[in-house]
Structure formats: C-alpha cells, structure tokens
Amino acid sequence: MDVLQLVISGLANGCVYGLIALGFVMIYKATEAVNFAQGDFMMFGAFITIWLTNTDFVGLPFWLSVILAILIMGVFGYLMERIIIRRMFGQSQIAVVILTIAIGFILRFLAGAIWGHDPLSLESPFAGKEVRFGGLVLGADEVAIILVTLLLTGSLFVFFAKTKLGLAMQAASQNQLAAYYMGIPVKRVHGLIWGLSGMVSAIAGILFAAKGAIDPSAGLLGIKAFAAAVIGGFGSLPGVLIGGLIIGLTEPFASRYIAAGYSQIAPYTILLLVLVFRPAGLFAQMQKKKV
Amino acid sequence: MAQKPVLDVKNLESYYGPIMAIRGVSLEVRKGQLVTVLGANGAGKTTLLKSISGVMVPQKGTIKVYGEDLTGAEPDVIVRKGLVHVPEGREIFPLMTVEENIAMGAYVRTNKTEIAQDREMVFSYFPILAERRNQQAGTLSGGQQQMLAIGRGLMAKPELMLLDEPSLGLSPLLVEEIFTIISRLNKEQGVTMMLVEQNARVALSVADYGYVMEIGRIVMADTSANLAASEDIQEFYLGVKEETQRDQRRWKKRKTWR
C-alpha cells in the first residue's frame, strides 16, 4: 500500500509538471520560442485563483473563480505575445529565451508584492477529502489532478488533430512560410497559442495550489517541467505528459530510498540519461524540421 | 477594356537589405489569362511574387487587385482577396496528411459544401493525391509534392494563382505532366495564373502572354507566340543557336536590353 501511495502522489505531481511542460511544448512547436516563464505563469494563475476564491480576499465560489482565472491567464498569455513577444519577431531565439526569463522574474516579484511571500493554499472543495477505492485511501485532490490532466491532454490532442484552428497551428509550426501563403494569419495564431498555453498553465497552477501551499517562487519548478518536456521529446503532447509523469514518479521514490543529498538530483539524472541515449527525447517526431 | 485587370503592378521596387532585387517592375494580368514571367536565376522573379503575395513588403510602387490597392497588406488579407501563392520548392506541411494539407488550402473559406466540391475537383485533376490522401505529405515524391502544392493552392478558389517554378527539380516527363494540368486548369476551370519559370520552352507553350525579367527589370513583354518567335528568346532561353560567334553576340544583345 505504501508504494501505491507514493505512486499516486508521484503521478499527481507529475501531472502538474506535465501540464506546465505542455505549455512549453505548445509554444515551442508553434513559434520556435521557448517560454521560460511558463512555471511563473502557472504560479500567477494559482495566485489569481487563490485571490478570487479564498475568503480572505474576494471570496467567489470555487468553480466561478477557476473559470475566471483560466480566462484571465488566457488573455494574459495572448497579450504577452501581442505586446512583448511579437516585437521580437525575427530576433534570435536566445533573445526570446532571455526575455521570457526576465518576464518570469517580474511575475515572481509582482506576485510577492501583491500577495506576499508566504505560502498560501487554495480553499478548494477537494482539500482534505478522501476517495476510497478498493482498499486504497486516496486524496480527492490527487484523484482530481490526475483526471483533469488526462481530460485536458485528451482534449488538446483532439483540438490539434481535428479542428481547423488546431490544424492551422500545426501548419504554422511545420512550415511558417507556407502557412502565410495559405492565408493563415500566422501572427494571430501565435497570439492564440500563447493564450492557450496561459490557460493550460492556469489549470496547472490551480491543481498545484489545490494540492498544497504555493508561494511566489513555486514558478521555479518550471525547470523540472522543462526537463519533463525534454524527456518527452518536445514534440508530441502525450510524450510530454509521460515525461512529466516520469519526473513526478521519480521524486517521491528517490526521496524515500536515496540519501537526502542525492535524491533531489534524481530527475536531472534521468534527463541526462535520456539526453545521452535518446537525444531527441523518448517520443520525438524524428523528421520534424527536415523538409 | 472595361474590366479592371485582376492584378496590376506598377513600378514595384523591393530590396533585400541594401540590395535592390526588383527595380521598377510593371505588369498586368487579366481575368482568364495565363501569364508567364521568364528569367534566369536571380532575375528577381521569386522576389516579385513574394512582394505581390505580401510576404515581402515592397519599398516603392503599387499592387492593385481589381483596382484595389493592396500594397504592403498582410499575406492573409491578400489570400482573402483571391491571390494565392504556390511557392517554389513545394513548401508543403510535411507532417500533416495529404488531405489535411489540402484542407489548409481552404483556410480562408467557410462554405463546407463548396470546399468539399473543390476537393473532389482537385482529386480529379490529381488522382494520385486521392490515392494517397491519408499519407504524410513529407513522404510523397517531389512531383507529388508539387501536385499537392498546386492542389492546395486551388483550394483557396483563387482569382489569381501565382505559381513559382513548378518545374523546379522535376524530370522532363513530370514537367510535361504538370504543365498539361496547369494548362487544363486554366482552360477548363478558368483559373487565372501568373507563372514564373526558368523553363521558357514549356512556359511559353502554355501561356498567353509573357514577360521577360533580367536583373530586377522587365526587358520584354509580348504574346507568348511572338516571344517564342523572337530571336533573343530563342537564343538565350530556348537554346536555339546559330553557329557563328555566339559569345560575342550575346554580350551585345544583352546590353541593348538594359
């Protein structure tokens, strides 16, 4: 039972990493830029939800504030692209990377200035509840996280494979010039992708905050999510989710069975191994940018 | 003529940084015409098309579509106005299926029944695409990718199709096949086309009217029959040569064009 408990909490953590990593990958696939502020987007989304929900602040009903927070982060992501990132169009990738790192810093201090640097937790309907499943006792928050993540990944997968806008986003990432020639408004598509990834990171933030306390520096776990994205191959959405789960599962086992000083490096050890033996990631789209 | 030309380009100038790639080009395409622009490597043909389709912004001059000034508009606006650019080197979406590629061609359209009809029309002209509709486009052969690029362009139901070097890198047999289809599309479906080519022989055989470009300028303009008959074209683009003193004459004749 003990092991199963670890597995479940690892999966729940991994789902949050996976969702942040999804944000990384969506933006990378469509625009060739990596948004290193993705973790901080997650943190910001979480704080907005806490601010809207908790009785110390606005005190709206939980579901209403969840929807509001997701929308706010969607608009936030869209405007981020529209106002800041678009000006970097045509600049080197490194410039965009540094810019997004800076945006991450700003968000972190902004959150600290508004909501303080102490950990806060979200007053969610799942907190403290339990789900009995056979002989297992699982936290309702953990079950909710896993279900929401599966649902979200599934719907994103369908969105990219079946809808016109999703296909256009794929097209813009596979051949930007040809997308222009087909009348796909590439710049607007980029803005929408940033919006979408802001929404996904808000969901990740809500799940994270529902599971435990969050403080402004929580965005730094975006680095672990980045590792998850690399392990997953930075291309396929399900692959990235699995990358997140691998990192998530590694952590609780490592901290349980490996000496304290070494357990924290376990996720990065896996990252290193993947980079050495499968440099393109576990589920890479191998032929991606060849043509 | 009463009707305004589909495309009316006046004194267009485009630069790559400090390099002037197009030095004042004027040309016209009328409805139903198949107009070709001939020229060697680096003459500025592709730049001309890119400037027309909005991927490059020209420094000077105007581009009018049915009299409406579209100089410097965003590419998606220009596609909505009915100009579609089939790029050189078959820029398809490699990881998407043939059918998805074709669907992307109709991105600016909304009427589903018309789109479905046009897809069937594309498949009837390019049966091989129908056969491979679920295959990843990147795994098609060069000729099939070119067909896909043309088919995808047709899906926008263009008023004017800008075709950039459809013969590039294809075997003579395939070139023949593709140009036959291009000519049929022009005659049977009434697609107005502007065809940019290095392969003058095959381009003149299908076109109504032709322009010759050299170093960013139009140096000749005439009906394709007259162009094909002209001595200069025969010598420099069609490879018909008289035995004597070819090198010396080439210099002289070229100079008079500039």
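Quick notes
- Residue in the range A:127-178 that is farthest from B:V108 (Cα to Cα), counting only those that are among the aromatic types (F, W, Y) and in contact with a helix residue (DSSP H, G or I) (Cβ under 6 Å, 6 or more places away or on another chain): A:F157
- The residue that is farthest from B:G169 (Cα to Cα), among those in the range B:41-55 that are within 14 Å of chain A (Cβ to nearest Cβ) and out of contact with any Ser or Thr (no Cβ under 6 Å at 6 or more places or on another chain), is B:G54.
- Residue within the range A:209-230 that is touching a residue at least 60 places away in the same chain (Cβ under 8 Å) and more than 30 Å from A:G116 (Cβ to Cβ) present: yes
- The lone exception for B:E68 - which of (1) more than 14 Å from chain A (Cβ to nearest Cβ); (2) of a type in the set (D, E); (3) closer than 16 Å to B:M193 by Cβ it fails: (3)
- Lone qualifier among A:A227, A:A210, A:A254 - being under 13 Å from the mean Cα position of the chain (by Cα) and open to solvent by less than 20 Å² (accessible area, probe 1.4 Å): A:A227
- Residues satisfying the stated conditions in the range B:101-127, i.e. touching a residue at least 12 places away in the same chain (Cβ under 8 Å) and among the charged types (D, E, K, R): B:R109, B:E114, B:D118, B:R119
- The residues on offer are A:L192, A:L152, and the sole one that is under 22 Å from A:I84 (Cβ atoms) and open to solvent by 10 Å² or more (accessible area, probe 1.4 Å) is A:L192.
- First in the range A:136-161 and among the hydroxyl-bearing types (S, T, Y), second anywhere and open to solvent by 40 Å² or more (accessible area, probe 1.4 Å) and part of a helix (DSSP H, G or I), Cβ under 7 Å, 6 or more apart: A:T153/A:P238
- Where A:H117 falls short, out of the listed (1) assigned to a helix (DSSP H, G or I); (2) touching a residue at least 12 places away in the same chain (Cβ under 8 Å); (3) open to solvent by 40 Å² or more (accessible area, probe 1.4 Å); (4) not acidic (D, E): (1)
- Taking the range B:136-172 as the range and being within 16 Å of B:I182 (Cβ to Cβ), within 13 Å of chain A (Cβ to nearest Cβ) and part of a strand (DSSP E or B) as the test, the residues that pass are B:M161, B:L162, B:L163, B:D164.
- A:S236, sole failed condition from (1) at pLDDT 80 or above; (2) within 22 Å of A:I145 (Cβ to Cβ): (1)
- The single residue among A:F126, A:F159, A:F133 that is of a type in the set (F, W, Y) and at pLDDT 90 or above turns out to be A:F159.
- Taken together, the residues in the range B:136-163 that are open to solvent by 40 Å² or more (accessible area, probe 1.4 Å) and without any contact (Cβ under 8 Å) to a residue 40 or more places away in the chain amount to 2.
- A:G90, sole failed condition from (1) among the small types (G, A, S); (2) within 19 Å of the chain's Cα centre (by Cα); (3) modelled with pLDDT under 95: (2)
- Complete set of residues in the range B:9-24 that are open to solvent by 70 Å² or more (accessible area, probe 1.4 Å) and of a type in the set (S, T, Y): B:Y15, B:Y16
- Positions within the range A:41-55 being farther than 9 Å from A:I206 by Cβ, assigned to a helix (DSSP H, G or I) and of a type in the set (S, T, N, Q), in sequence order: A:T53
- Taken over the range A:160-185, residues that are surrounded by 24 or more Cβ atoms within 10 Å (Cβ to Cβ) and more than 7 Å from chain B (Cβ to nearest Cβ) amount to 4.
- Just one of the listed residues (A:A12, A:A69, A:A46) is in contact with a strand residue (DSSP E or B) (Cβ under 6 Å, 6 or more places away or on another chain) and either on the phi < 0 side of the Ramachandran plot or open to solvent by 50 Å² or more (accessible area, probe 1.4 Å) (or both), namely A:A46.
Rundown of residues vs (1) within 20 Å of A:M42 (Cβ to Cβ); (2) surrounded by 12 or more Cβ atoms within 10 Å (Cβ to Cβ); (3) without any contact (Cβ under 8 Å) to a residue 40 or more places away in the chain, yes/no style:
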{"position": "A:V75", "(1), (2), (3)": "yes, yes, no"}
{"position": "A:L79", "(1), (2), (3)": "yes, yes, yes"}
{"position": "A:I83", "(1), (2), (3)": "no, no, yes"}
{"position": "A:I94", "(1), (2), (3)": "no, no, yes"}
{"position": "A:L99", "(1), (2), (3)": "yes, yes, yes"}
{"position": "A:G104", "(1), (2), (3)": "yes, yes, no"}
{"position": "A:A111", "(1), (2), (3)": "yes, yes, no"}
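- Listed by position, the helices (runs of 4 or more DSSP H) enclosed by the range A:182-291 that each have at least 3 residues that are closer than 21 Å to A:I48 by Cα are A:186-211.
The values are calculated or read from the model by the stated rules, or taken from the named source; none is laboratory data. Predicted model, so just to flag it, every value in this text is computed and none were measured. Backbone-built Cβ (ideal geometry, glycine too); neighbour counts: all protein chains shown. Accessible surface is based on the protein model in full, side chains and every heavy atom, while ligands, DNA and RNA are left aside. Shrake-Rupley method; radii C 1.70, N 1.55, O 1.52, S 1.80 Å.
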